[in-house]
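All remarks here apply to the structure that follows.
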Amino acid sequence: MRKCKNFNNVLFLSGLFSILLMAFFTSCASTGKAAEPAEKTKKNGHPREYILNPYDGARTLSLSFNEYYYCYEGRIDMWNYLKKDKPRADDKIIIRGKLKSDTRIPCLTVYLEDDSYLGNYGTVLSGINRVMDIPQGTSYDLNLAFSLSSDSIGGLSIVFAYDGNSYGMGDFLKIGKSATFTFEYCEEEEFLTTNTNDEVLAEEELERQTLNVQLEKCMPFIEIATRYPIVNGVEDMTMVDNYQAVVDVTHAFGGYLPRKGDIINVTWSAVTNKRIRRIYARPVDCSPAAGGWRELINVDWDDFDDYIIISSVKPDTPFVGNVSFVLTKDVVSQFCLCIWYDIGDAWPDGSAIIKLSK
C-alpha cells in the first residue's frame, strides 16, 4: 500500500507541475511576450531616417529614353548630403517634395540607386514606389517612403522612370517624347533634406569593434610570389617590384564587414622555407565593387614600420607574428591582407612558401 501511496503522490506532483507549466506558457502567449521579436540593435545611430527633397539635388530634370531598358528615366544625385553618414540597409528614406511635369504621366516609378563606380554603376538600394496619374502643368506633392535593402557605398540617387509600353504610354515611344520635371522650393521644415555634413556623431556612438584574425586558420599555406611592375598596362618581367601575396580573410568575421574605426588584430603562427628580414601586412579590399583595389588604412608610403607583422624569420623555424590596424575606410565587399617583403629582405632572394607550423 505504501508503494501505491508514493506513486499517487508522484502522479499528483507531476500533474501539478504540468498545470503550472501550461499556465506559464498560456500567460506568455496571452501577453504576447513569447512571440515578440527582438528589437534591432542600433549601431552608430542606425537604423535611422533620412528626408530627401529632390529640389535640393536639381531644380529641373529631363527624363530621357534608355534604349537598354526601353523606358524614359532620369536621376537626381543626393550623395553630397549623405556621405558623412551613409545610409545603410534597414534605414528609412523619405522623399518629400513638389514637382510639376510638362506632360501627363499615368504611372511614374521611383526607386533609389547607388550609381557610383563603388556601387557597380547601378546597385538598386530599395524597392519601388509607383506614383499614379501625375497631371500636366499642375504641382504634385511627393511623399514616398523606402526601406533600404543594401548599404549605400559610394552614392545615392533618386531614379524617376516610366515605361513607354505600359499604362497607355505607347504614343511616347512612337514620337520619342521626354517629360521634364520642375521641382518647387518648399520652406516647411518637413521638406528639409537631411544634411549629414551638419551632423556630428558623438564619440560614444562610433562603437568601434575589436576584431581578431588568426591568419593560419584562414590560409594555412601562402606563397609570397614575385611581383613585377606594370608598365603601360603590361607586367615588365625584366624588373622586380617586390614579393607579395594577397589573402582574402573576409570569412574570418562571420558575415560582418569591418567598418571605419574598427580595430583589426592579426596574428600569424607559421614557418617559412627561407630567412626573411621583415614581412609586412596591410588591409585592402580587392573586390570589383571596390574598384579592384581599395586601401583600408591611410598608408604611410615613406615608413612601413607600423605594418611589420614579423621580423628576423629563420628558415624552418616556427614564428609567431602580429600586427594591428585601425581602419580609416569601410570594407565594401572583401577584406584582404596584402602581405609582402622587399627586394633583398629574403635570403636567398626570391619568392617564399609560408605554411602552418605543426
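The values are calculated or read from the model by the stated rules, or taken from the named source; none is laboratory data. What you see is a predicted model; the values in this text were computed from it and never measured. Note that we place each Cβ from the backbone using ideal geometry, even for glycine, and neighbour counts take in every protein chain shown. For accessibility, only protein heavy atoms count, side chains too; no ligands or nucleic acids. Shrake-Rupley method; radii C 1.70, N 1.55, O 1.52, S 1.80 Å.
Value of Rg to Rh for region 75-142, rounded to two decimals, is 1.02; Kirkwood radius and Rg both from alpha-carbon coordinates.
Per-residue surface analysis assigns C71 an accessible area of about 20 Å², computed on protein heavy atoms at 1.4 Å probe radius.
Using a Förster distance of 22 Å, how high is the FRET efficiency between T210 and A89, based on the Cβ-Cβ distance and rounded to 0.05? Efficiency computed from Cβ-Cβ geometry: 0.45. For region 213-358, the number of Lys pairs with C-alpha atoms closer than 24 Å, counting only pairs eight or more positions apart or on separate chains, is 10.
Of the peptides 147-157, 313-323, 214-224, 292-302, the order by per-residue mean of other Cβ atoms within 10 Å, starting with the highest, comes out as 147-157, 214-224, 313-323, 292-302.
Take each peptide in 347-354, 178-185, 62-69, count the other Cβ atoms within 10 Å of every residue, and average; sorted highest first, the result is 178-185, 347-354, 62-69. Per q in 0.11, 0.13, 0.23, 0.26 Å⁻¹, report the Debye log10 I(q)/I(0) for region 272-358, using one uniform scatterer on each alpha carbon and no solvent. Evaluating at q = 0.11, 0.13, 0.23, 0.26 Å⁻¹ gives log10 I(q)/I(0) of -0.36, -0.49, -1.11, -1.23.
Note on Y185 and S312: the extension gain reaches 39.1 nm, defined as 0.36 nm multiplied by sequence separation minus the Cα-Cα distance.
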